[in-house]
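For reference, the structure discussed in these notes is given below.
What follows is calculated from the coordinates using simple rules that are stated; it is not laboratory data. None of the values given here were measured: they were computed from a predicted structure. Glycine also receives a Cβ, built like all others from the backbone with ideal geometry; neighbour counts cover every protein chain displayed.
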Amino acid sequence: MLHQDVLMADIDVDQWRNAQSLLLRSAKAARRLVVIHDQGTVVKFRHTAGAECTGKVDRVEDPHALAKELYEANKDTVDFVVVMERDAVDSYFAAVQDSWDIHEDLDVFVQRTYALMDRYADGIVTHPGPAREVLGLQWTTGASRDDVEAAAKALVPGGTTVVLGVHDGDSLWASLVLDLDEDHKVTSITTADPSLVDITGSREEVLDRLTGWQQSAGKTVSLSMVLDRAAADDYLSAPADQKGAVLTSLVGNGSATFRA
């Protein structure tokens, strides 16, 4: 779905940062207790903020049991525990590099980088939750990649543009503008550019300007949606099979604008 040569240009820092805060959860932002060992011998035992942690060990015998024990003992100060074996981590990154295919969609490659963690389930251990669902950047959209791709194919004609936004107060808070080719691959990602389009005003006014801005560049906007800030949280947290009903409710109560 994400073209291997996707263009990312003219991105507004604030719009992009806010969109990321809605759509992604970063493990780097979490409070983590990190244990690194070399075939059982612990070489690092440290909280990412330098906080003191209970249960320090010199050896790792059962990484899964240890991760759970450390989390239970320190859950007031950590969001998760990760126990990693050096050779397993090296092997994982080598496998990721070896798996790259320059011709495949970028999202296929990214999805595989997470799936490959399952090969090293004893060498890259997290608690609570498996490594593939904890580490890196995780979707917070309430939908899988396959769900998003299916929705795009069902709702967005190929060769058109999608405008998405979140409105807060009297201005646009976050936005994404996506161009899709005839094969429904995203070929361009950008945000609203406040130097080119006025992002202040009501939700409907802002959406009119965003749509007109893209149309003036020769784009065909086939789907556009702007939600109020609180409504965005409700929509994103809804399961994939309930998003349609949730969006209908949000439009009905005046907290979202949807055009297709």
Flagged links, alpha-carbon separation over 23 Å, of Lys153/Lys219; Lys28/Lys153; Lys44/Lys75; Lys28/Lys75; Lys28/Lys243; Lys28/Lys68: Lys28/Lys153; Lys28/Lys243
Length-normalised contact order for region 31-139 - Cα pairs under 8 Å, 6+ apart - percent: 28
For region 146-157, Karplus couplings with θ = phi - 60° (6.51, -1.76, 1.60), whole Hz, Gly/Pro x: 5, 4, 5, 5, 5, 5, 4, 5, 7, 10, 10, x
Met8/Ser99 FRET efficiency (R0 30 Å; Cβ-Cβ; nearest 0.05): 0.85
Whole-number D in µm² s⁻¹ for the chain, Kirkwood Cα-pair radius fed into Stokes-Einstein, 4 °C, 1.567 mPa s: 63
Difference of contour (0.36 nm per residue) and Cα-Cα distance, Arg17 to Asp234: 76.2 nm
Fluctuation leader among Thr77, Thr141, Thr190 - the chain, Gaussian network, Cα springs under 10 angstrom: Thr77
For the chain: relative contact order, % (alpha-carbon pairs under 8 angstrom, 6 or more apart): 21
Neighbour net charge for Asp198 - beta-carbon separation under 11 angstrom, K R +1, D E -1: -2
Nearest-0.05 FRET efficiency for Glu133 and Gln215, computed from C-beta distance (R0 51 Å): 0.80
Helical contribution to [θ] at 222 nm, DSSP H n ≥ 4, -39,500 (n - 2.57), averaged over the chain, rounded to 500: -10500 deg cm²/dmol
Gained length - Arg31 relative to Ala245, 0.36 nm times residue gap less alpha-carbon distance: 73.5 nm
Environment charge at Asp107 (Cβ cut-off 10 Å; Lys +1, Arg +1, Asp -1, Glu -1): 0
Exposure proxy order (Cβ contacts within 10 Å, fewest to most) of Trp139, Trp100, Trp213, Trp173: Trp100, Trp139, Trp213, Trp173
